[in-house]
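Only one structure is covered here, and it is reproduced in the block below.
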Amino acid sequence: MTVLFLYTELADYFIKSCENLSETEEVHIIRWPVNKEAPFVFSFSEKLKVYEKNNYTFLQLEQLIKKINPDILICSGWIDKDYLKLTKPYFKKIPTVLTCDTHWSASIKQYIAIVLSRFFLLNKFTYSWVPGKKQSQYVSKLGFKQNKIKTGFYCCDLEKFNSFYKSQLAQKKNKFPKRFLFVGRYYEFKGIKDLWEAFTQLQIEAPNEWELWCLGTGNTIPPIHEKIKHFGFVQPNNLSEITHECGVFVLPSHFEPWGVVVQEYAASGFPIVTSAAVGSSEIFLENGSNGYSFEAKNIKELKEILKKIITLSDSDLIKMSMASHLIAQKITPKKWSDTILEIYNEFNTN
């Protein structure tokens, strides 16, 4: 089977899933340029065939896809109008799959999309593949029938992050690292300023040995604090050098459609703290078992959760760590690949 992805911004975890798929299927990816705000350096296996969209005219892309001759076409969202035009000729001839990570929010824009979806989506795509329940609700409203909606679209590189867990567990059992970890862009909607404020307040109200380590860049100026350390942007291959020094992962986003990073650090054995606005918390955070959730933008509630964390014993933190690791296995690269095969088989048996 030949699989073609029309993709926007690639991510390391997506490439890993594609590499897993390429063990049994032929995989082609047409992609956007690398985002300057997240300048990941990617390496591709020889089995993956990757094309830079900007290197082709629209006509050349049409010819390229004809040459690839895909058995299934998967398009990331509907933001790229070229991708929509390129998908149209294959509608109902092969499975055409729309991916989407947008939550249903009942906005005016979304209601307009519902009215217009038959003209720009339902006449191009037979299936929708989304991360979780909130996205499933949205694409259902757009007109996709429930039996044409698949979940589990995002999956982290489990092999890599499971290895972090295995290599670090003994060290954590000996002495649990008293450091919170944030990984993400330095933008206000990521809740990073809330985290800095909550942590700073906690250090004043209840001085303790815990530190906050932050990985990322953006337009928000980081504070100078003796217990807050900033590492800037870190390439995925260099993460383990930092993460083995940290203990609890925090993602305080005001808005986060999914957040694969939650699965990554759950797999690594981190107790998890997220805002309720983080989509992936619906699967990878079990409140009280492997972490805690709080209302987005609620600095006081976040501070109380951080305070609760620092009062836990090492044995309690290890229990949460082990629970996180188990919960992270709910979505795997194999299940991801199996979903593609499932869509292909369903389409060709109907």
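Restricting the first member to segment 339-350 and to residues that are under 14 Å from Thr24 (Cα atoms), and the second to residues that are open to solvent by less than 40 Å² (accessible area, probe 1.4 Å) and assigned to a helix (DSSP H, G or I), the beta-carbon pairs closer than 8 Å and six or more apart or on different chains are Ile340/Leu21.
Test Asn123 against the stated conditions and say whether it is outside any loop (DSSP other than H, G, I, E, B), out of contact with any His (no Cβ under 7 Å at 6 or more places or on another chain), modelled with pLDDT of 95 or more and not aromatic (Phe, Trp, Tyr).
Working: outside any loop (DSSP other than H, G, I, E, B): no; out of contact with any His (no Cβ under 7 Å at 6 or more places or on another chain): yes; modelled with pLDDT of 95 or more: yes; not aromatic (Phe, Trp, Tyr): yes.
Considered against the rule, which asks whether it is outside any loop (DSSP other than H, G, I, E, B), out of contact with any His (no Cβ under 7 Å at 6 or more places or on another chain), modelled with pLDDT of 95 or more and not aromatic (Phe, Trp, Tyr), Asn123 comes out as no.
Here are Tyr138, Tyr165, Tyr186: which of them is among the hydroxyl-bearing types (Ser, Thr, Tyr), without any contact (Cβ under 8 Å) to a residue 60 or more places away in the chain, closer than 26 Å to Gly269 by Cβ and open to solvent by less than 30 Å² (accessible area, probe 1.4 Å)? From the options Tyr138, Tyr165, Tyr186, the qualifying one is Tyr186. Select from segment 168-183 the residues that are closer than 23 Å to Gln263 by Cβ, open to solvent by 50 Å² or more (accessible area, probe 1.4 Å) and of a type in the set (Lys, Arg) and list them in ascending order. Hits for segment 168-183 are Lys173, Arg179. When Gly247 is tested against the conditions (1) closer than 16 Å to Gly184 by Cβ; (2) in contact with a strand residue (DSSP E or B) (Cβ under 6 Å, 6 or more places away or on another chain), the lone failure is (1).
If a residue has to be outside any loop (DSSP other than H, G, I, E, B), over 18 Å from Lys300 (Cα atoms) and open to solvent by 70 Å² or more (accessible area, probe 1.4 Å) to count, how many in segment 192-237 make the cut?
Going through segment 192-237, the residues outside any loop (DSSP other than H, G, I, E, B) turn out to be 192-205, 211-215, 225, 228-230, 236-237.
Subsequent filtering for residues that are over 18 Å from Lys300 (Cα atoms) retains 211, 213-215, 225, 228-230, 236-237.
Subsequent filtering for residues that are open to solvent by 70 Å² or more (accessible area, probe 1.4 Å) retains 229, 237.
Number of matching residues: 2.
Comparison of Ala328, Ala296 shows that the only residue that is touching a Ser or Thr at 6+ places or on another chain (Cβ under 9 Å), surrounded by fewer than 21 Cβ atoms within 10 Å (Cβ to Cβ) and either at pLDDT 95 or above or assigned to a loop (DSSP other than H, G, I, E, B) (or both) is Ala296.
Does Gly132 fit the bill of being touching a residue at least 12 places away in the same chain (Cβ under 8 Å) and open to solvent by less than 30 Å² (accessible area, probe 1.4 Å)? Considered against the rule, which asks whether it is touching a residue at least 12 places away in the same chain (Cβ under 8 Å) and open to solvent by less than 30 Å² (accessible area, probe 1.4 Å), Gly132 comes out as yes.
Against the conditions (1) at pLDDT below 95; (2) under 14 Å from Val261 (Cβ atoms), Gly191 satisfies every one except (1).
Within segment 299-325, the set of residues being closer than 15 Å to Tyr165 by Cβ and either open to solvent by less than 50 Å² (accessible area, probe 1.4 Å) or not aliphatic (A, V, I, L, M) (or both) comprises Leu317, Ile318, Lys319, Met320, Ser321, Ala323, Ser324, His325.
The values are calculated or read from the model by the stated rules, or taken from the named source; none is laboratory data. Small disclaimer: the values here were computed from a predicted structure and weren't measured. So basically every Cβ, Gly included, is an ideal-geometry build from the backbone, and we count neighbours across all protein chains shown. Please note that ligands, DNA and RNA were not included when accessible areas were found on the heavy atoms of the full protein model with its side chains. Shrake-Rupley method; radii C 1.70, N 1.55, O 1.52, S 1.80 Å.
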